[in-house]
Amino acid sequence: MPDRAYVIDRMISAKEIAARVEALAREITATFAGTDRLIVVGLLRGSFIFIADLVREIDLPVEVDFLEASSYGSGTVSSREVRILKDLRGEIAGRDVLVVEDIVDTGFTLSHVLRLLKSREPRRLMTCALLDKPSRREVEIKADWTGFVIPDEFVVGYGIDFAQRNRNLPYIGKVRFTEG
């Protein structure tokens, strides 16, 4: 449980998220048209709601796998040390792979994960992020698809947490710490 008191101000509504997920899925479907089975790799844990909604909208044969990487622990800023906590179960060599991330912040996690997955020789490796904070970028990286570009705010909801809380919010909210 977080030590500090906070409130959550809505930033992106559930309706806005749903509309953007549909649009992203259409673009992804068009890009990967003709693939026999797209492997969608969700980066846990923050992407689990996004990936569930996204794969239901992709009009292609889809296989889902997960990889858990961490650079935050329970804090609000990246430690810049990326650890793989759970690896993929399946092989990706020669396959089309879409990595789905909740938020690209400093870029360390996504950069590390992409280096790891590229070493496994997928046919095509592309990325989709729900949120992007380009002002925080420390590693030069950009997702192929982005849901929303946001300012440098600490956010929760739609799978994204603060100390394991608030993942269940149907919207994206900005955390504002309060006194007391």
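A few notes on this one:
- The residues on offer are ILE51, ILE8, ILE84, ILE92, and the sole one that is buried (at least 20 other Cβ atoms within 10 Å of the Cβ) and either in contact (Cβ under 8 Å) with a residue 12 or more places away in the chain or not hydrophobic (A, V, I, L, M, F, W, C) (or both) is ILE51.
- Odd one out for ARG37, checked against (1) buried (at least 17 other Cβ atoms within 10 Å of the Cβ); (2) at pLDDT below 90; (3) out of contact with any helix residue (DSSP H, G or I) (no Cβ under 9 Å at 6 or more places or on another chain); (4) not aliphatic (A, V, I, L, M): (1)
- Residue tally, condition over 14 Å from ARG4 (Cα atoms) and either of a type in the set (S, T, N, Q) or in a loop (DSSP other than H, G, I, E, B) (or both), over the stretch 165-179: 6
- If the condition is being in a loop (DSSP other than H, G, I, E, B) and over 17 Å from GLY46 (Cα atoms), then the stretch 81-109 contributes GLU81, ARG89, GLY90, GLU91, ILE92, ALA93, GLY94, ARG95.
- Subset of the stretch 110-153 that is in a strand (DSSP E or B) and small (Gly, Ala, Ser) - its residue that is surrounded by the most Cβ atoms within 10 Å (Cβ to Cβ): ALA129
- Being surrounded by 15 or more Cβ atoms within 10 Å (Cβ to Cβ), in contact with a Leu (Cβ under 7 Å, 6 or more places away or on another chain), within 29 Å of GLU22 (Cβ to Cβ) and free of Cβ contacts under 8 Å to residues at least 60 places away in the same chain is true of ASP65.
- Close pairs (8 angstrom Cβ cut-off, 6 or more residues apart or separate chains): under 12 Å from CYS128 (Cα atoms) and in contact (Cβ under 8 Å) with a residue 60 or more places away in the chain in the stretch 16-41, in a helix (DSSP H, G or I) and among the hydrophobic types (A, V, I, L, M, F, W, C) anywhere: VAL21/PHE50; VAL21/LEU54; LEU24/LEU54; ILE28/LEU54; VAL40/ILE51; VAL40/LEU54; VAL40/VAL55; VAL41/LEU117
The values are calculated or read from the model by the stated rules, or taken from the named source; none is laboratory data. Bear in mind the structure is a predicted one, so any value in this text is a computation, not a measurement. For neighbour counting, all protein chains shown are included, and Cβ atoms are generated from backbone atoms with ideal geometry for every residue, glycine included.
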